[in-house]
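Undergrad: Take a look at this one; I'll ask things after.
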Amino acid sequence: MENYNELLGSLSSLREELESAKTPFEKLRIHMALGLTYLLLSDYENERENILSGLVEFDEAEKIAKSIPDNNELAEIESNKGFVFYKLAHIEDSIHNLDVASQHYLNALDILKDTDESQKKVRLYYNLANTYLLSNDISKVKDALTYFEKALELKDKTEDKKIIGLIYHGMGVVNFSLGKLEQNVQKRQEYFENAAKNFEESLNYFDPDDLLDIASSKSHLGSSLIEIAILTGKKELFDKALENYNAVLEIYKGESDEDYATVLFDIGLLYLNESRLQNLQDDERITFLQKAIDYFEQALPYFPKEDHKESFIRINYELASCFRELFFVTNKVELLEEIKEHLEGVIDDIDKNNNPYTYLTSSFYLGEAYFYTGNKEKALEYYEDALDTAKSFDSVLADSIKDVVDRVKSL
């Protein structure tokens, strides 16, 4: 609250200074300061209104800068306008505002192209890359990697060590995102391996007190290692991922409940995927599944349905998956009731259009649970629901589910 009051006080002081300012340059700098203050204030209240107020101030500064003219000031204004539209993209008209943001960053880079302002260029390339990274367009995500690399080309000319760490982190995020989208297994692995290298490299540039940056890179590194472990079957990669996650838990503990719980969930996923390694003994598989369940159950209270519906659904879905796999190893019928409990409480909340696979697998798992507890009629309801959903997006999967439906009907 103290920072909020300070920002309100700054607005008032800057308005008074503007009235008494005598030179165009003084007025320009005050408008710039007002714009930045409004952007900071948008984090506390009236987000859209304050962002747009900041834009008005930058527009006023631009009018003065063009009359002087002063290229350095124009570049700074373009950069600030880029950030305005980057922030707007988080609350409305994402595609348009990201396009406008990127154009302002490109304008600033064009203004500085023949200058020695390497520090400013690094920051601009970094901001431009992050803007492209937010896009759902895969070609723009790839462009983000290009601009991160352009920023790195200037790393020896900047004194800002931390920004280099952030750039490597950003490159890791791009590679990880591309890996999740890639269908070719070899290329997929290459993306995840590059991501892991980027996140590891980023850690070399953060100071010990950059705890949140360290936590983010270690957490992303853990996720990258898990993806490689899934593709290669190397248990030691799961161990290395767990080491990173445990370090992150220590950072978030008592600091950020949501981040702490997210890492608990990630560790649950780690153990669930580790339980699927080939050539495990049943007792090893059971141990991993029980650990996964424990971590998912620790995470769940942090994500109540009314406030975090998607996370609530996802954790219950993964818990049901664990109990299902545990059932097929142990044949303990009581585990089927756990599946029912976790899925029947969320299935009506799953967005069938945007998450058809999650919806149909939930229906299918419920069909299995009822089938193995002897309720053929209820099982068929869920199996047929899964079949109807599969028909809309995966004909091969639909054929497989139809075989199950036909076999159950024949019993």
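Undergrad: Does Y126 satisfy the criteria of being within 18 Å of E201 (Cα to Cα), free of Cβ contacts under 8 Å to residues at least 40 places away in the same chain, buried (at least 20 other Cβ atoms within 10 Å of the Cβ) and touching a helix residue (DSSP H, G or I) at 6+ places or on another chain (Cβ under 6 Å)?
TA: It is false that Y126 is within 18 Å of E201 (Cα to Cα), free of Cβ contacts under 8 Å to residues at least 40 places away in the same chain, buried (at least 20 other Cβ atoms within 10 Å of the Cβ) and touching a helix residue (DSSP H, G or I) at 6+ places or on another chain (Cβ under 6 Å).
Undergrad: Quick one: E338 ticks every box in (1) touching a residue at least 24 places away in the same chain (Cβ under 8 Å); (2) buried (at least 17 other Cβ atoms within 10 Å of the Cβ) bar one, so which box is it?
TA: In the conditions (1) touching a residue at least 24 places away in the same chain (Cβ under 8 Å); (2) buried (at least 17 other Cβ atoms within 10 Å of the Cβ), E338 misses (1) alone.
Undergrad: Which one is surrounded by the most Cβ atoms within 10 Å (Cβ to Cβ) among residues in region 222-250 that are at pLDDT 95 or above and farther than 28 Å from Q186 by Cα?
TA: Checking each candidate, the answer is V248.
Undergrad: Looking at region 354-411, which of its residues are of a type in the set (K, R) and out of contact with any helix residue (DSSP H, G or I) (no Cβ under 8 Å at 6 or more places or on another chain)?
TA: R407
Undergrad: Right, another one. Within region 227-316, considering only helices (runs of 4 or more DSSP H) that don't extend past its boundaries, which have at least 1 residues that are touching a residue at least 24 places away in the same chain (Cβ under 8 Å), farther than 25 Å from D351 by Cβ and within 20 Å of the chain's Cα centre (by Cα)?
TA: 235-252, 257-274
Undergrad: Since V174 meets every condition but one in (1) surrounded by fewer than 22 Cβ atoms within 10 Å (Cβ to Cβ); (2) under 23 Å from I228 (Cβ atoms), which condition does it not meet?
TA: (1)
Undergrad: Only one of these is within 30 Å of E92 (Cα to Cα), surrounded by fewer than 18 Cβ atoms within 10 Å (Cβ to Cβ) and of a type in the set (K, R): K161, K197, K113, K180. Name it.
TA: Exactly one residue qualifies, and that residue is K180.
Undergrad: Search region 97-115 for residues being of a type in the set (D, E, K, R) and in a helix (DSSP H, G or I), and hand back the single one that is nearest to K157 (Cα to Cα).
TA: The extreme case among them is D110.
The values are calculated or read from the model by the stated rules, or taken from the named source; none is laboratory data. As the structure is a computational prediction, the values presented were derived from the model and not from experiment. FYI the Cβ positions are ideal-geometry reconstructions off the backbone, even for glycines, and counts take in every protein chain you see.
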